[in-house]
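Read the structure below first, then the notes.
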């Protein structure tokens, strides 16, 4: 169990989840890599230029979102563009700008520039996809690749107007949502609850950021009563500094967008526009509304704050809440053999070279597939109980490993591995 379900260091660049598809593909393709390798490859990929005709959505994006002097020629072309002209005006645009200006994308902010090379990839560490230090893949990275069609990866290399890789499918969205609650849930749960309780129909990043000091301080007070490692104590100190910094900017209307207040809220608002928790009337601004899906999640999470409560929720009620939020009339799957059959399918998708896969990760992948494809619910604990019961009945078909606390951690299906 995580000692602290709060992101480590956050950066304002951690907004668009679609970029992680490319990052994770590169992580999985190599046994070990580095922040320099991942970050610069991402920037090189996103900043590659493509010749395209101007249209209304691209012109609007250029005028509102491209600030740097380097885009002065492009901005002049956009300002001179006449939608009534019979002759198309072709320009060079970065591939990320083409996808961010797509009228179908729920949010068009989050562009990365050269200086951001080291700011975005750590999001993969915060979410549990990438190991800190070695920048190698955790099993969660394999789960994301499993849910990512090849067309998404190709679209990062060659621009296509038919497939925007920054859009998330439902499988990806639910995997990301689980990862956020697992790793930042002590902030997200009270944050969403307070936003919903405020009764404000539309709020911006400043309004949301003003809520953070109390949330952070509550977390700090709760955890300082416990015995924690030096690393966690250091993280709590950083969190306290952030709370104090945000409090200094509270209530200020004029801002550059780069203070701790806006950063703390944007990284917990923008990704959830991709997931469908929040919506925007104007994709290029920082004004948000709860979607009906988001309200359902916020209401369900309103009573949870501690990491233990969130752990129990993820294990016992995550998929039933997802079914309710997305309007799926799902029923719980209880038959041991049926559950294990779906765990086997998930295991094949995320197994390590040694043949083992984390039980919880198998359950997560199986639960996502089963919910969206069959309208059935398999919660984490139900999956764990099923595979344990199955192994007792079939001791030569399943092998387990245990973690340092003696808890069953990984499983391997021997009959499927032959």
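The values are calculated or read from the model by the stated rules, or taken from the named source; none is laboratory data. Here the structure is a predicted model, which is why all the values come from computation and not from measurement. Here the Cβ is made from the backbone with ideal geometry for all residues, glycine too, and neighbour counts use every protein chain on show.
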Can you tell me which residue in region 323-351 is farthest from residue 293 (Cα to Cα), limited to those that are touching a residue at least 60 places away in the same chain (Cβ under 8 Å) and touching a strand residue (DSSP E or B) at 6+ places or on another chain (Cβ under 7 Å)? 351
Which members of region 253-280 meet the condition of being at pLDDT 95 or above, under 15 Å from residue 185 (Cα atoms) and part of a helix (DSSP H, G or I)? 271, 272
Tell me whether region 194-201 contains one or more residues that are in contact with a strand residue (DSSP E or B) (Cβ under 9 Å, 6 or more places away or on another chain), buried (at least 17 other Cβ atoms within 10 Å of the Cβ) and under 25 Å from residue 109 (Cα atoms). yes
Among the residues that make up region 230-245, is at least one of them in the same structural domain as residue 183 (by TED's automatic domain parsing) and at pLDDT below 85? no
The helices (runs of 4 or more DSSP H) lying wholly within region 333-418 that contain at least 2 residues that are modelled with pLDDT under 95 are 414-417
Being touching a residue at least 24 places away in the same chain (Cβ under 8 Å) and either within 21 Å of residue 348 (Cα to Cα) or not in a helix (DSSP H, G or I) (or both) is the filter here, so list the residues in region 140-160 that pass it. 140, 141, 142, 143, 144, 145, 146, 147, 148, 159
Checking residue 26 against (1) within 21 Å of the chain's Cα centre (by Cα); (2) in contact (Cβ under 8 Å) with a residue 40 or more places away in the chain; (3) not in a loop (DSSP other than H, G, I, E, B), which single condition isn't satisfied? (2)
Please determine, by comparing only the residues of region 66-97 that are within 36 Å of the chain's Cα centre (by Cα) and assigned to a loop (DSSP other than H, G, I, E, B), which one is nearest to residue 17 (Cα to Cα). 66
